[in-house]
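What follows is one structure encoded as C-alpha cells, with my remarks underneath.
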Amino acid sequence: MEVNIDVWRHQYPFELLDEEEFSELFRESTREEYSKNEFVIHEDQSETDVHILIEGLADSIMHRADGTQHSIRYFYPGDLIGLMVLLTSEKMRFSVRCLEPVQTLKLKRASFLKIMKDNPTFSNVILDRLSGLTKSLYDEVKYKSSDEEEENENGLFKERIKKYMEKPVFIQPSCTIAEAAQVLREEEVEGLLVSENRQNFKGMISYHEIVEAFMNGESYSSVSKYMKDENFSVGEQDFIFDALSFLKHHPATVIPVMHKDQVAGILRQSSFIQINQSVYFDLTYRISNAKTLEELVKLSPVYNKRFQEFVRSLIDDQMLAYHIAELITNYNDRIHKQIIQLAEDEMVSLGYGAPPINYCFLIMGSGGRKEQTFSTDQDNGIILADYESSRNKEKIEAYFSRFTKRINDMLDECGFPYCSGGIMAKERKWRKNEQEWRTSVDEWIKKLDAEEIRDFTVFMDFRPVFGDYTLAYELKKYVSNKVKNSLGLHQLLMKDTLRFRVPVQPFGRINGFGKKRLLDLKKSATMQIVNAVRIYSMKYGVEVNNTVQRLTLLAEENHFHPRDVENAKLSLHRLMLFRLTLNLEQLKNGSPLSNYVSLVKFQKQERRSLKEALNVAKRLQQVLELSYNRNRVM
C-alpha cells in the first residue's frame with residue numbers, strides 16, 4: 001500500500017530531522033495493517049522495528065516470568081511503538097497488542113538507531129520519552145506488586161522466631177582466633193557466640209573479624225580481642241519480620257535469640273529454609289531455569305525421587321493432605337508454564353514465529369481445583385483472543401493447532417498422560433476463541449446430555465495458568481452467571497453424580513470388587529464430595545474452584561453447617577492421604593499409577609478412617625438425591 005510520508009515531515013519530533021535524515025528514515029517505511037487482538041510486536045521476536053500508530057488503539061503488555069501479563073499503557077494515533085523494546089532486558093519483556101483494527105507506518109530499526117546516533121537533538125527527545133515510559137512502567141510494576149507483598153508480609157507478622165531458631169554455637173573468649181576459625185569451618189555457621197558459661201553471651205565473632213585478625217598476623221590472639229560486643233538480638237517470642245529485615249542487610253551474620261537473659265538459639269538466613277522446604281525451592285528454581293524438555297522430564301513429580309521424598313516428609317509431618325495436593329498442583333503449574341514457554345520458543349526457532357494473537361492456557365479438573373496427586377492426566381484447553389475478522393484467520397488457526405499439539409505432547413513426555421476423554425488444548429473442541437467459548441457454554445446448558453456431562457464438570461473448574469489471564473476471568477464470569485440459575489443443569493449434574501454410589505452398605509461394610517476387594521478412591525469416594533460441593537457452589541454463586549475453599553465459603557454464607565464442613569474437610573484429607581500414600585508406594589515399586597486400593601491390606605485404624613470418610617460422602621450424596629427427587633424436572 002502506498003505511503004504518504006509528507007504528513008510526518010512537520011510532525012514532532014520528526015520536524016527535528018533535516019531533509020536527508022528524514023528521507024533516510026522514511027525511505028523504506030511500509031504501511032502495515034493488523035486486526036483486533038493481533039500483535040504489532042511480540043516478546044519472542046529477537047529484533048523489532050519502530051512503528052508510528054496511524055489509526056486504531058493498541059496496548060503494551062508486560063510478560064512476567066510466572067506466565068502472567070499486565071497491561072502497561074495504551075498507544076494512540078501518532079504514538080511511536082517499539083521504543084520500549086530498544087531498552088528491553090531479559091527481565092522485562094513486552095508485546096504490543098491491537099485493541100481494535102490498527103494501521104501503522106513501520107520504520108526500519110537500523111535506520112532509526114542511526115538517526116538517533118547522528119542527530120543528538122532528535123535522540124534526546126526519544127530518550128526523554130523512553131525515560132517517561134520507564135518511570136510509568138516502574139510505577140505500574142510497583143503498584144501491581146504491592147498487594148502480593150502486603151499479603152506476604154502479613155504472613156510474616158504471624159510467625160514467631162522460636163519456630164525458626166537453630167541451636168547456638170559457642171566459643172570461650174579465651175580461645176584463639178585460629179581455634180574460632182576451626183569451629184566455624186566444622187559447624188558451618190556464619191558466626192559464633194562468645195560465652196563463658198554457654199548461657200550468657202559477651203559478644204559475637206564472625207568470618208569478618210577472623211579474616212581481619214589473620215590479615216593482622218594475630219591468628220593466635222584471643223577471641224575477646226576481636227569479638228563484637230554490641231550485637232542485634234531478638235526474643236524467641238518475637239515475630240520474625242524484624243529478624244528478616246536485619247538479615248537482609250547483614251547476610252553474613254547470626255542473630256542471638258534470647259529467652260529472658262539467656263541464649264536460646266540463633267537465627268541466620270538459612271534458618272528460614274527448612275531442609276524439606278529447600279528441596280522444593282531448589283527443584284522449582286531448576287524448573288524455572290530449564291532450557292530443554294529433557295531437563296523438565298527429570299524434574300517431573302513421577303520421575304523425580306527428591307520431590308517424592310519431599311512429599312513423603314510432608315505426610316510424616318502430618319500436613320493436611322489437601323494442602324499437599326495444592327502444593328503438588330503448584331509444582332505442576334510451574335512445569336506447565338515452562339513447557340508452554342519452551343513450545344513458544346520452539347515455534348519461533350522452527351520458523352512459525354511468535355503467537356500471532358493473545359491466548360490463555362487453561363487447566364481443568366483436579367488441576368483447576370488444585371487437588372492433584374501423582375496419578376493425574378491432562379485436562380486442559382485454551383482461549384484465543386477473537387480473530388474472526390482477521391485476514392490471517394487460517395494462519396492463526398494453523399499456528400495454534402500446531403502449537404497446542406506440541407504442548408500436549410511435551411506434557412505427556414513429562415509424565416502427564418494424554419486425557420483418555422480427549423480434553424486437551426490440541427483438540428478443536430477445547431481450542432476456541434472468546435466468542436466460541438461463550439457460544440459453547442450456551443449450547444452446553446441448553447442441550448447438555450449425559451454423554452457430555454463429564455466434560456462439563458471438568459470444564460467448570462478451569463483456571464488460567466499461562467498467558468492473558470483476563471480472557472479466563474471474563475469467561476469465568478460468563479459461565480458463573482449462566483449456571484447459577486440453571487435448574488436443569490443442576491439436575492443433570494446431580495443425576496450424573498448419583499450414578500456412582502458410595503460403596504458403603506447400611507451396616508458399614510465397604511464394598512470392593514475382586515479377590516483383593518479393590519476400591520477406586522477417586523471415583524467411588526473423593527469425587528462424590530467434590531461433585532456435591534461443586535453443585536452447591538454453582539447454586540449459591542460461590543466462584544472459587546478449590547473444594548476446601550468452596551466449603552469454607554458455603555459455611556460462611558450459612559448454606560452449610562460448620563460441623564458438616566469440618567467433617568467434609570476431614571474426609572477429603574483422609575481420602576487424599578490414602579491416594580498420596582498409595583501413589584508413593586506405586587512409584588517406589590515401579591508399578592503403574594492408579595487410584596485403586598486393596599481393602600484387604602488395610603489395617604483396622606485405616607479401615608475405620610476410610611469408613612468414616614465414605615459415610616460423609618454418602619451423606620452428601622443422600623442430601624443431593626433428596627434435592628434431585630424434590631426438584632426433578634426431567
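Every number here is computed from the coordinates shown, using simple stated rules; none is lab data. Treat the numbers as computed from the prediction; the structure is a model and nothing was measured. Please note: Cβ atoms are built from the backbone with ideal geometry, for glycine as well, and neighbour counts cover all protein chains shown.
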**Study point:** Net charge over other residues, Cβ less than 13 angstrom from the Cβ of LEU184 (K, R count +1; D, E count -1)
**Key:** -4
Check your understanding: Name the GluC sites (Glu not before Pro) in the stretch 31-65 that are in a loop by DSSP and that have at most 12 other C-beta atoms within 10 Å, would you?
Key -> GLU47
Revision key, fill the gap. Among LYS167/LYS569; LYS395/LYS477; LYS167/LYS305; LYS432/LYS484, the pairs whose Cα-Cα distance exceeds 25 Å are LYS167/LYS569; LYS395/LYS477; LYS167/LYS305
Review point. For all pairs of alpha-carbon atoms in the stretch 276-482, what percent lies in each bin of width 5 Å, listed from the first bin to the last filled one?
Key: 1, 7, 15, 19, 19, 16, 11, 7, 4, 1, 0, 0
Revision key, fill the gap. Per residue, the convex hull enclosing the Cα atoms of the stretch 164-226 spans a volume in Å³ of 76 Å³
Check your understanding: What percent of all Cα-Cα pairs in the stretch 379-453 falls in each 10 Å bin, counting up from 0?
Key -> 18, 43, 31, 8
Check your understanding: Which cross-chain or sequence-distant (5 or more) residues have an amide H under 5 Å from the amide H of VAL50, H modelled 1.01 Å from N in plane?
Key -> LEU107, ARG109
Point to revise | Low-density loop cleavage sites - chymotrypsin sites (Phe, Trp or Tyr not before Pro) in the stretch 165-231, where at most 14 other Cβ are within 10 Å (DSSP) | key: TYR220
Review point. What is the Cα convex hull volume of the chain when expressed per residue in Å³?
Key: 214 Å³
Practice item. Largest first and to the nearest Å, give the Cα extent of the stretch 497-554 along each principal axis. Key: 44, 20, 19
Review point. Given 25 °C and 0.890 mPa s, how large is the Stokes-Einstein diffusion coefficient of the stretch 476-634 in µm²/s, with Rh as the Kirkwood radius over Cα pairs?
Key: 147 µm²/s
Review point. Which whole-number percent gives the relative contact order of the chain, counting Cα pairs below 8 Å spaced six or more residues apart?
Key: 11 percent
Check your understanding: If we sort 396-403, 610-617 on the protection proxy, mean other Cβ atoms within 10 Å, highest first, what's the order?
Key -> 610-617, 396-403
Practice item. Count neighbours as other Cβ atoms within 10 Å of each site's Cβ, and list the GluC sites (Glu not before Pro) in the stretch 451-535 that are DSSP loop with at most 16 such neighbours. Key: none
